[in-house]
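A short worksheet on the structure shown next.
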Amino acid sequence: MTSQQSAQTMKPATAAKKLGVYLEATPAEFRDGTVSRTELNALQADPPEWLQELRRNGPHPRPVVAAKLGISISGLARGGITEPLTTEQIDALKQDEPEWLRKERTTQAEVRKETARIKARDAARTEQED
């Protein structure tokens with residue numbers, strides 16, 4: 001007896017998150033249905049024009065905005081950014097570099113440095129145990 005394997009599907013919000021796009025900016029047919037794993041892989045391998053456009057110009061979801069600015073999602077909130085931003089708006093923020101953005105970039109750099117230090121320390125401990 002063989003079992004028929006059903007296609008694994010996900011909600012549009014999950015698929016949008018995996019694609020790194022803002023769900024509300026996607027086409028209605030994407031938002032209103034479900035997305036199979038095969039469809040998601042096809043979208044990633046050969047993105048249609050609407051997906052390329054969203055990735056290029058936005059609006060971008062908060063995780064993408066934070067990454068493009070080099071800060072954390074919490075840093076966005078502290079800076080008062082709660083809405084999705086377009087690439088143009090992100091570039092303008094980078095150009096203007098307000099005080100809150102400078103501060104958040106510094107904080108993020110310190111966090112990365114501390115994370116690297118802890119990782120190196122833990123690796124050294126593991127090496128000593130072997």
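The values are calculated or read from the model by the stated rules, or taken from the named source; none is laboratory data. What you see is a predicted model; the values in this text were computed from it and never measured. Cβ atoms come from the backbone with ideal geometry, glycine included; neighbour counts cover every protein chain shown. Note: areas computed on protein heavy atoms with side chains; ligands, DNA, RNA excluded. Shrake-Rupley method; radii C 1.70, N 1.55, O 1.52, S 1.80 Å.
Quick look at the numbers
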| quantity | calculated |
| --- | --- |
| Test: Thr34 is of a type in the set (S, T, N, Q) and touching a helix residue (DSSP H, G or I) at 6+ places or on another chain (Cβ under 8 Å) | yes |
| Any hit, the stretch 62-82, residues being under 30 Å from Thr9 (Cα atoms), loosely packed, with under 10 Cβ neighbours inside 10 Å and not small (Gly, Ala, Ser) | yes |
| Boolean, Arg102 is over 16 Å from Pro63 (Cβ atoms) and either surrounded by 10 or more Cβ atoms within 10 Å (Cβ to Cβ) or small (Gly, Ala, Ser) (or both) | yes |
| Those residues of the stretch 17-63 which are charged (D, E, K, R) and within 14 Å of the chain's Cα centre (by Cα), in sequence order | Lys17, Lys18, Arg55, Arg56, Arg62 |
| Matching residues in the stretch 7-42 - criterion: being open to solvent by 30 Å² or more (accessible area, probe 1.4 Å), assigned to a helix (DSSP H, G or I) and farther than 20 Å from Pro63 by Cα | Ala28, Glu29, Arg37, Thr38, Glu39, Asn41, Ala42 |
| Flag for Ala45 being surrounded by 12 or more Cβ atoms within 10 Å (Cβ to Cβ) and modelled with pLDDT of 90 or more | no |
